[in-house]
Amino acid sequence: MTKDVVLDHVSIRFGSYTAVDNAHLSIQGGEFFSFLGPSGCGKTTLLRCISGFVQPTEGRVLIGGQDMRNVGPNKRPTALIFQNLALFPLLSVAENIAFPLEVRGVSRKNRRRRADELLEMIALPGTGDKKVHELSGGQRQRVAIARALAADPDILLLDEPLSALDLKLRQHMRTELRAIQQRVGLTFIYITHDQGEALTMSDRVAVMNAGVIEQVGDPKTIYNRPRTPFVASFVGETNRIPGEVVSQHGTTVTLSTPVGPLAGQSGGGRDHAPGAACQLFIRPEQLVVAGDGASPNRFAADCTAEEFEGSVQTLHLKAAGLPLRLCRMNAGNVAVAGPGAGALTLSFDPEAAIVLPYGTEADAAA
Ligand SMILES: Nc1ncnc2c1ncn2[C@@H]1O[C@H](COP(=O)(O)OP(=O)(O)OP(=O)(O)O)[C@@H](O)[C@H]1O
Ligand SMILES: [Mg+2]
């Protein structure tokens, strides 16, 4: 069965410190929902609140329509998977998976049958008699998921479960986790500070900063239509061009900037007054080296360095003193630009740029 989760104006305070500030959203049954944000923004605290280990200071958590106020962690239809998996090294894989059933007094035969079913589910059939140390990191991760599923939860809560794995395995496990979620059809609530994980696996993502949920949306909306400077700068790479509002027509805002007049879309549907200080955010892959045509948003830039990574070429540019990056796929014609090639004309589609007021941004290192 799948159950929805409602966070109804949830705030969590430790003394005078607010770890989660007025979280208000619904997670649908069967959804893969991620909370994405930098270290310390309150992700684990929120997950512990859903699982019942932390109480909201204000607001309510509802699961399947039921208020969880006086429902303890072991009475909730949730299972939590931690970053450190806590598998039992001396037990076999099957015994690890069936452990929650042993606690419930399920017979040995039925435990083994369920463990074998779950091993099929996580694509590790026939490994039940192996010891945990005979498995790879990614395989152990899947066993931890199977063990959480053995308790028949309606909702699986995953706290950065891939962070201990190396990059290649992490990327592989993204596909695996998504496939497991679709096979079991449960609600997965996943927390991570890795935007790649959140974007590739989730139906929807909530981006958190300093306890506040800044935006909730599907991955494409989060990436293409950020509503705040934090979301624009935390999720993916971006260029910023400062400017002053000249005019707004519908959602299209024209700014006067150091590189000339530029147009973009108003982020979050805000109305901007003429003269207001704003920033235009444009992704490196949306900047193009313009031909002679009358493309919009044209301006001059010099190339200061080039990074050639085979499939992708990145140009480091300066336009009116502003550092910019342009990124493009190698289509076999990479000789177009590089340092010393002289002034280039750049352009971008006004639909691809977002205009936002100034506000908190993500650290470059995050
Ligand atoms: N029991 C507690 N008592 C006091 N402060 C706490 C407690 N638990 C968490 N905090 C504080 O709340 C903030 C959020 O912590 P949390 O563990 O939720 O962050 P996080 O987003 O999961 O970070 P990370 O990505 O590093 O795991 C931190 O500043 C932390 O120090
Ligand atoms: Mg955490």
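Please treat every number below as a calculation from the coordinates, not as lab data. Bear in mind the structure is a predicted one, so any value in this text is a computation, not a measurement. Cβ placement follows ideal geometry from the backbone for every residue including glycine, while neighbour counts extend to all protein chains displayed.
General remarks:
- Across the stretch 87-226 the C-alpha pair distances fall into 10 Å bins from zero in the proportions 11, 38, 32, 14, 5, 0 percent.
- Close amide H pairs (under 5 Å, H built 1.01 Å from N) link PHE35 with TYR190, ILE191, THR192, ALA206, residues at least 5 positions away or on another chain.
- Given 14 as the ceiling on other Cβ atoms within 10 Å, longest exposed-site-free region of the chain for GluC sites (Glu not before Pro) in DSSP loops: 1-236
- Base-10 log of normalised Debye intensity for the stretch 84-165 (one unit scatterer per alpha-carbon) at q = 0.15, 0.23, 0.26 Å⁻¹: -0.47, -1.12, -1.40
- For the chain, the residue among VAL184, LEU119, GLY138 whose Cα projects farthest onto the positive side of the dipole built from Cβ charges is LEU119.
- The modelled label-to-label distance for the pair THR57/GLN171, using points 7 Å beyond Cα in the direction of Cβ, is 4.2 nm.
- Helix-only [θ]222 nm of the chain, DSSP H runs n ≥ 4, -39500 (n - 2.57) each, per residue, nearest 500: -7000 deg cm²/dmol
- Amide N of the stretch 149-165 lying under 15 Å from the label point, which is placed 7 angstrom from the Cα of ASN110 along Cα→Cβ: 150-152
- Of the three principal axes defined by the Cα atoms of the stretch 167-308, the extents in descending order read 53, 38, 27 Å.
- Karplus-derived HN-Hα couplings along the stretch 20-36 (A = 6.51, B = -1.76, C = 1.60, θ = phi - 60°), whole Hz, x at Gly and Pro: 9, 10, 6, 6, 9, 6, 10, 10, 7, x, x, 8, 9, 10, 10, 9, 10
- Whole-Hz couplings from phi, Karplus 6.51/-1.76/1.60, listed for the stretch 96-103; x for Gly and Pro: 4, 5, 7, 3, x, 7, 4, 4
- Placing +1 on the Cβ of every Lys and Arg and -1 on the Cβ of every Asp and Glu, with no other charges, gives the stretch 77-182 a dipole of roughly 220 debye about its Cα centre.
- Relative to the current alpha-carbon distance between GLU237 and ASN74, full extension at 0.36 nm per residue lengthens the span by 54.5 nm.
- Each Cα pair under 8 Å and six or more residues apart adds its sequence gap; the mean of these over the residue count of the chain is a relative contact order of 16 percent.
- Across all directions, the shadow cast by the convex hull of the stretch 121-187 built on its C-alpha atoms averages 4.6 square nanometres.
- Of interest is the spacing of the C-alpha centroids, which for the stretch 205-226 and the stretch 66-133 amounts to 33 Å.
- Volume per residue that the Cα convex hull of the stretch 38-111 spans, once the total is divided by residue count, Å³: 132 Å³
- Volume in Å³ per residue [convex hull over Cα atoms, computed for the chain]: 167 Å³
- Of the residues ALA151, THR78, GLN279, the one whose Cα sits farthest towards the positive end of the charge dipole of the chain is ALA151 (charges of +1 on Lys and Arg Cβ, -1 on Asp and Glu Cβ, taken about the Cα centre).
- Here the chain is assigned +1 on the Cβ of each Lys and Arg and -1 on the Cβ of each Asp and Glu. Its dipole about the Cα centre then comes out at about 1280 debye.
- For the stretch 1-92, convex hull of alpha carbons as volume per residue, Å³: 139 Å³
- Positive end of the dipole of the chain (Cβ unit charges, origin at the Cα centre): among VAL245, HIS193, TYR223, the Cα lying farthest that way belongs to HIS193.
- For the stretch 120-134, Karplus couplings with θ = phi - 60° (6.51, -1.76, 1.60), whole Hz, Gly/Pro x: 4, 4, 8, 6, 10, x, x, 9, x, 8, 6, 8, 4, 6, 8
- For the stretch 257-335, radius of gyration divided by Kirkwood radius, i.e. Rg to Rh on alpha-carbons: 1.01
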